[in-house]
Each structure stands twice: as C-alpha cells, then as structure tokens.
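A.B. asks: Pasting a structure below so you can have a look.
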Amino acid sequence: MAHASSHGSAGPAAPKTTFFLVMILVSALLATLAGLWLLWPDGGDVPDRVPNRAEGTSFVDVTISGPADPATGSIPVELDDGGASRMQSPGPSVPLAEGDRITAVDISQVAQPGVDPLVFMDFQRELPIALLAVAYALVVILVARWRGLAAMAGLGLAFVVLLGFTMPALLAGQNAFGVALVTSSLIMFVTLYLAHGLSARTSTALLGTLVGLALTAGIAAWASGAAQITGTTDEASAFLPSSAPAADLRGIALCGIVLAGLGVLNDVTITQASAVWELRAVAPTATRAELFTSAMRIGRDHIASTVYTIAFAYVGAALPLLMIVWLVDQSPLTALTSGEIAEEVVRTLVGSIGLVLAIPVTTAIATLAVPGPTTEHADGAGLEPSSDPELMAPVSEAWAAQARATES
C-alpha cells in the first residue's frame, strides 16, 4: 500500500502511517464483508419475478409500414417473421413514423373480433443504446487507456453488486441503512483500487470516501425521518408493495439518497488526495499546515463546481416534473416541500453536505499520510510531480498563490 501510484512517484508514506492506514481499512473491509454476510437475503425471502405480459399474449417485433388510418387510428405494420398486420394507435402523445421499429403486444388470442391484434408497447432502442455504450467505452479507454479500462471494469463490478446484493436485499426487507453502507463501501473498495492502483494515495482517498459515506448516511437517516420522506411519491411506490410486500419504501428512499452521491464523492476524494501528494512533490519542504491550506484552495474550487453538478443533474432528470410544478399556482415553498420534489431536494442537499464535508476530511487525512517536510529532498528528488497536466494545473496554481501570499 506504500507503493507509488501511477499518477507519479510522489514517495511512499511513513511506515507508521501506512500501518495505521492498513489497519483502519482492513477493519473497514472486514466490517463490510461481515455486513454483506449478515444482510445477504435468503433465496426464499426474495420475491419471485413478476411476468411482464398477460396470459394469452406475446411480444412481437414490427416495423411501421405506413400512415395511420385517419378514421380508426389503425397503423399498418410489417412483422419481423414475415407478413403484415395492424396495430392500435398509442395516441398523439407517441408520434410514430414509417420505418420506426416497435415492440408490440400480440393480443389476437384474447381480443374481441374486429379489434386490431397488436398494441403498441415501446420503441426498440437496443441498437442506438448499444452504439452509445460502445462509443462511451471506446472514448474512455482511448483517452484514459489502461486506467480507463480498469474504471470500466470497476463500473461493471459495481453493477454486479447492485444487481446481485443491493436490490435483492432491499426487496427482501433487509435493513436499508445497513444495505446502503455495505453497498457503498464494497463498491468503493473495488472501484478505487481497481481504477487507481494499490497505494497510500488511493488508500487515503478511500478512507476519506468511507468517512464521507458514513456522514452522508447518518445525515440521510435523520433527514429522511425529519422530512417524512416516505418513498411513495412515484409509480414504483404503487407497484412494489403488491409485488414485494417486505420491501420498506422509506428504507429504499434512504438507500437511494446515500447511493446518489457516491460517484461525485469518489471524484472529490481521489482529487484531494492526489492534490496533496502533488503539492508535496513540488514543495518537499512545505509544512503539513501549508500543504493543507494549499490543498483546501483546490478543494474549495472543487466544491463550487460539484455543487452545480449535483443540482443540475437533478434538474435535468426531473425537468418535466419541475415544469408541472411551475404550471401549478402555488408558492415556491409549497412546491419545494411537496412529496416528490421534497424527496429530491433532500437527496440533493444531503449529498452536497456529505460531499463538502468529505473534502476537508480527505485533505486532512492525506496531509497526515503524505511524507513529511524534509530538506533532504529539497530539490524534489524522489518526489517527482505527476506528468498529468490536467491534474497538475490546479496544484501549480494553488501553490503559486500560496507563494505569492507568503512573499506579501
């Protein structure tokens, strides 16, 4: 864990620091694995999958072959397995054009005579989504190379955790607070070391992330109770109780709040840890207090940008809902404190608070973990700064500002 990471050879942490980092993180990992074992749902507790179609019906793939009949709305289609048929119009809210690829429900076995045998189900989106996914993976790997490939692998493993543990555990009614902590911790252990390598720098970021997660989970538990976040404000709330009676909607909302800020939290902690190591590389004689002050300048800039990231991520995802709220004649306070909006406001605020608190925590941990000031390496020997210009830019700016402040 004391080896230099691939960001640059910033020098190993002191043996005592490495020992404490290892002990704390091993304890956290053991606690995570123990929680995983305790919260792993029994097969009999997980509800069975619900059929996605009614008895006597089937799905068929079709292509729109012509315009809808203006009198009846019936739409001509060509079946993928050959032949022609007609599909009921889904209405003006779903515009269809000739050549569109559609998944339809064949109700010919149960429909009344004279009724079109096909019903619109959804558009076929497999090809464009697959192309986007491939393009995303290629861009990440081409730009970030092996690190990007490792990050993609970590993302895949994160979804394995979500699909294999988190969702079954929540559906089985396991403690949502514990599920959120175990899920987040396990994902961070896997993704951080896989993407950034086994080093004191990565371990520092991981410890800061775990502290941030604990703070976020604690604040989320209080806020969801105090604000009466029920988790019953969307369509899923009407489906889950009947299909998964053991599922706790309040707990699911709490788990969602904790998981929502996971990616951004990881981003700021690894950046802060790297900033401290790079500052030490360019200023091996600086005191720990000076390192902390300079790194927090970078952290404050990061806070300012990530606050926008979280807020506008919600605005983009909930734009139709926000437009409906805008159309209703009510006060802004009433709108912000109403069911579904309140849940997202709490999610955004809790995630932002945890994010902001994680930055000084990670910076402090990194300042203690990085090699101390020394005159032996005053020329920077053994502490070569990173060659990554994007990473070094804010570091150099922060250190230049510190130097100007000292001179004045």
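A.B. asks: Given a 10 angstrom Cα cut-off, can you work out which residue in Thr367, Thr271, Thr57 is the most mobile in a GNM of the chain?
C.D. replies: Thr57
A.B. asks: Mind checking the stretch 47-118 for GluC sites (Glu not before Pro) that DSSP puts in a loop (not H, G, I, E or B) and that have at most 10 other Cβ atoms within 10 Å?
C.D. replies: Counting only loop positions with at most 10 other Cβ atoms within 10 Å, the GluC sites (Glu not before Pro) in the stretch 47-118 are Glu55.
A.B. asks: So, one more: Post the alpha-carbon centroid distance, the stretch 116-157 to the stretch 205-235, in whole angstrom.
C.D. replies: So the separation of the two Cα centres works out to 29 Å.
A.B. asks: Once the other residues with Cβ under 13 Å from the Cβ of Ala169 are scored (Lys, Arg +1; Asp, Glu -1), what is the net sum?
C.D. replies: -3
A.B. asks: Could you give the angle, 0 to 90 degrees to the nearest 10, between helix 176-196's Cα long axis and the longest principal axis of the Cα atoms of the chain?
C.D. replies: 60
A.B. asks: With +1 on each Lys and Arg Cβ and -1 on each Asp and Glu Cβ, and nothing else charged, work out how big the dipole of the stretch 198-331 is about its Cα centre, in Debye to the nearest 20.
C.D. replies: 520
A.B. asks: Further question on the same structure: Shape verdict for the stretch 122-225, please, from the Cα gyration tensor: rounded (a/c under 1.5), prolate (a/b greater than b/c) or oblate. Present the calculation step by step, with values, prior to reporting the outcome.
C.D. replies: Values: a/c = 2.46, a/b = 1.23, b/c = 2.00.
Cα axes put the stretch 122-225 in the oblate bin.
A.B. asks: Starting from the Cα-Cα distance between Ala68 and Ala317, subtract it from 0.36 nm times their residue separation and give me the gain in nm to one decimal. Let's see the in-between values first.
C.D. replies: Numbers: separation 249, 0.36 × 249 = 89.64 nm, distance 3.23 nm.
Gain on extension, Ala68 to Ala317, equals 86.4 nm.
A.B. asks: Here is a follow-up. Students often get this wrong: which residues of the stretch 104-120 have the backbone nitrogen under 18 Å from the point 7 angstrom along Cα-to-C-beta of Glu55?
C.D. replies: Correct set: 106-112.
A.B. asks: Say we join alpha carbon atoms closer than 10 Å with springs in a Gaussian network model of the chain; which of Ile257, Ile187, Ile324 then has the biggest fluctuation?
C.D. replies: Result for the chain, Cα springs under 10 Å: Ile324 fluctuates most.
A.B. asks: Provide the packing ranking of 17-26, 123-132, i.e. peptides ordered by the mean count of other C-beta atoms within 10 Å per residue, highest first.
C.D. replies: Going from most to least packed, we get 17-26, 123-132.
A.B. asks: If the elastic network links every pair of Cα atoms under 10 Å, which of Ala71, Ala273, Ala295 fluctuates the most in the Gaussian network model of the chain?
C.D. replies: Ala71
A.B. asks: Additional query: Share of antiparallel DSSP beta bridges in the chain, in percent to the nearest 5?
C.D. replies: Here the share of antiparallel DSSP bridges comes out near 90 percent.
A.B. asks: Okay, next question. Rounded to the nearest 0.05, what FRET efficiency is calculated for Leu327 and Leu138 with R0 set to 51 Å and r the Cβ-Cβ distance?
C.D. replies: On the way: r = 42 Å, r/R0 = 0.82.
The calculated FRET efficiency here is 0.75.
A.B. asks: Taking R0 as 41 Å, what FRET efficiency do you get between Ala130 and Arg300 from their Cβ-Cβ distance, rounded to the nearest 0.05?
C.D. replies: Plugging the Cβ-Cβ distance into 1/(1 + (r/R0)^6) gives 0.50.
A.B. asks: What do you get for the angle between helix 126-161 and the principal long axis of the chain? Use alpha-carbon atoms, 0 to 90 degrees, nearest ten.
C.D. replies: 20
A.B. asks: Helix 200-226 against the longest principal axis of the chain: what's the angle in degrees, Cα atoms only, rounded to the nearest 10?
C.D. replies: In the chain, helix 200-226 runs at an angle near 50 degrees to the longest axis.
A.B. asks: Need the C-alpha centroid separation for the stretch 282-352 versus the stretch 68-91, integer Å.
C.D. replies: Using only Cα atoms, the two centres lie 47 Å from each other.
Read the figures in this text as sums done on the coordinates, not as results from a lab. Bear in mind that the values here come from a model prediction, so they are computed numbers and not experimental data. In this analysis, Cβ positions are derived from the backbone assuming ideal geometry, glycine residues included, and neighbour counts consider all displayed protein chains.
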